[in-house]
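Student: One structure follows; several queries about it will come next.
The values are calculated or read from the model by the stated rules, or taken from the named source; none is laboratory data. Since the structure is predicted, the reported quantities are computational estimates derived from the model, not experimental observations. Note that we place each Cβ from the backbone using ideal geometry, even for glycine, and neighbour counts take in every protein chain shown. Ligands, DNA and RNA are excluded from the accessible area calculation, which covers all protein heavy atoms including side chains. Shrake-Rupley method; radii C 1.70, N 1.55, O 1.52, S 1.80 Å.
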Amino acid sequence: MESLFFHPKVVHIPIALALLMPLISAGIWLGWLRKWWPARTWVVVLALQGVLVASGVVAMQSGEQDEELVEAVVPEAAL
């Protein structure tokens, strides 16, 4: 497993967060409106958005690096 490229391991984090963030945000908003949670709970949304952006950048950069390695084996037209 360690011999695999770094990019496939990282790319799933931003994909999952991009799909889940609307649900998480809506849940926290609903909880905030109903006074289930204090207003500072929005820090969770901000932190997860930060993780989403950072992991997206890391996934993109690692994909660029892995692309050069793969192009040595697979023609660019196939990518």
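Student: Any residue in segment 8-30 that's closer than 14 Å to V57 by Cβ: show its pairings with residues that are not in a helix (DSSP H, G or I) at Cβ separation under 7 Å, as long as the two are six or more apart or on different chains.
Tutor: The qualifying pairs do not exist here.
Student: Please enumerate the residues belonging to segment 54-79 that are open to solvent by 60 Å² or more (accessible area, probe 1.4 Å), touching a helix residue (DSSP H, G or I) at 6+ places or on another chain (Cβ under 8 Å) and under 17 Å from L17 (Cβ atoms).
Tutor: V58 - this is the single residue of segment 54-79 that is open to solvent by 60 Å² or more (accessible area, probe 1.4 Å), touching a helix residue (DSSP H, G or I) at 6+ places or on another chain (Cβ under 8 Å) and under 17 Å from L17 (Cβ atoms).
Student: Now for a different question. For L48, state whether it is part of a helix (DSSP H, G or I), among the hydrophobic types (A, V, I, L, M, F, W, C) and touching a residue at least 60 places away in the same chain (Cβ under 8 Å).
Tutor: Judged against the criteria, L48 is not a match.
Student: Could you list all residues from segment 32-53 that are open to solvent by less than 50 Å² (accessible area, probe 1.4 Å) and over 18 Å from L19 (Cα atoms)?
Tutor: Within segment 32-53, T41 is the sole residue that qualifies.
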